[in-house]
Structure formats: structure tokens, C-alpha cells
Amino acid sequence: MLIIGYGNRLRSDDGVGFRAAELLRERNVNPDIEVLAVPQLTPELTEPVSRAQQVIFIDAAAEGRPGEIRRRKLTAPAAGAAFTHRMTPEALLAGAAALYGASPSGVLYSICGESFAYGEQLTPAVERALAELVVKLSI
């Protein structure tokens, strides 16, 4: 399993995915689970995605009730759509298929943010949701 939390830690709630990954990495005792905290999704992540059977992505959502946790099962887009200007979880799954012949399953957990202003603090609603999600995903 691979867990990728991503987001900008300097833009308040946008950093919730990054922080979730850091907390999960601290709690992880299972050698079969790799946890990555990254500022954004990049094509280089295709290789670790290809090694996993399941990939969990964690990010902030700009719309929705602050602190709401959303779960969405991912499907890779059609072949040839893997490399776009803006990397998405689906594009990474498609890249793993196109480049490595791998087809891991994917899930995206999004926590709806309240503030994306400059700052390193999460809003209280997002902080509570972060704690809830980390407990849910801790293995």
C-alpha cells in the first residue's frame, strides 16, 4: 500500500494532506505501507504508484463544508491521458499503467478546507477532520 498526502503547508488548510501523511508515517509500523508527504503531485510519483497494489491519496478540497471528509474511488483515465500539465491522482494511476503495466486501485480522501490564505495553521474544523482521518487510516 502507498499513501500520498499532498498540499501546500504554507497555505493554511491546503496543507492538510501533507500533514496527514506526516502523522501517518509517524504511526506506521507496517513495512508493507509506504507513506509519502509531498507538496504536489509530480510525474516522478508514477514509479512508486506502480509498485503498490492500493494507493490512498489525501488532499484538501476547496469547496464544501469545512472539515467534511470525502472519499472517492479513483479510476485511471484512458491510455494516453496520463501526462497532463496538472497531475492528478487519476493521471498517476494511468501513468503507472502506461509506463509499468501496473494497475493499483486508488482512493482519494479530501478534507474540505475553510482558509487557503498564507499561514501554517489549520482551521479548527480541518484540524478535527485531520485527527479523525488519521485515526481511520492508521494501520
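3J(HN,Hα) along region 99-116: 8, 10, x, 9, 9, x, 7, x, 9, 10, 9, 10, 10, 5, x, 10, 10, 10 Hz, from the Karplus curve 6.51 cos²θ - 1.76 cosθ + 1.60 with θ = phi - 60°, whole Hz, x for Gly and Pro. Along region 26-36 the Karplus relation, 6.51 cos²θ - 1.76 cosθ + 1.60 evaluated at θ = phi - 60°, assigns HN-Hα couplings of 5, 8, 5, 10, 8, x, 8, 10, 9, 10, 10 Hz to successive residues, with x for each Gly and Pro. For the pair ASN8 and GLU26, the difference between a 0.36 nm per residue extended length and the Cα-Cα distance amounts to 4.5 nm. Each residue of region 4-16 was assigned a 3J(HN,Hα) from its phi angle through the Karplus expression (A = 6.51, B = -1.76, C = 1.60, θ = phi - 60°), giving 10, x, 9, x, 8, 5, 9, 10, 6, 5, 4, x, 5 Hz with x at Gly and Pro. As a rough footprinting exposure proxy, the listed residues TYR6, TYR118, TYR100, TYR109 were ranked by other beta carbons within 10 Å of their own, and the order from fewest upward is TYR118, TYR100, TYR109, TYR6. The label-point distance for GLU34 and ARG65, in a model that sets each label 7 Å from Cα toward Cβ, rounds to 3.7 nm. Our helix-only sum for the chain, with -39,500 (n - 2.57) per DSSP H run of n ≥ 4 divided by its residues, gives a mean residue ellipticity at 222 nm of -9500 deg cm²/dmol. Computed from point charges on the beta carbon alone (+1 for Lys and Arg, -1 for Asp and Glu), the dipole magnitude for region 2-137 about its Cα centre is near 260 Debye.
Bear in mind that the values in this text are calculations on the coordinates, not laboratory data. All values derive from a computational prediction rather than experimental measurement. Quick reminder, even Gly has a Cβ in these numbers, built from the backbone with ideal geometry, and neighbours come from all protein chains shown.
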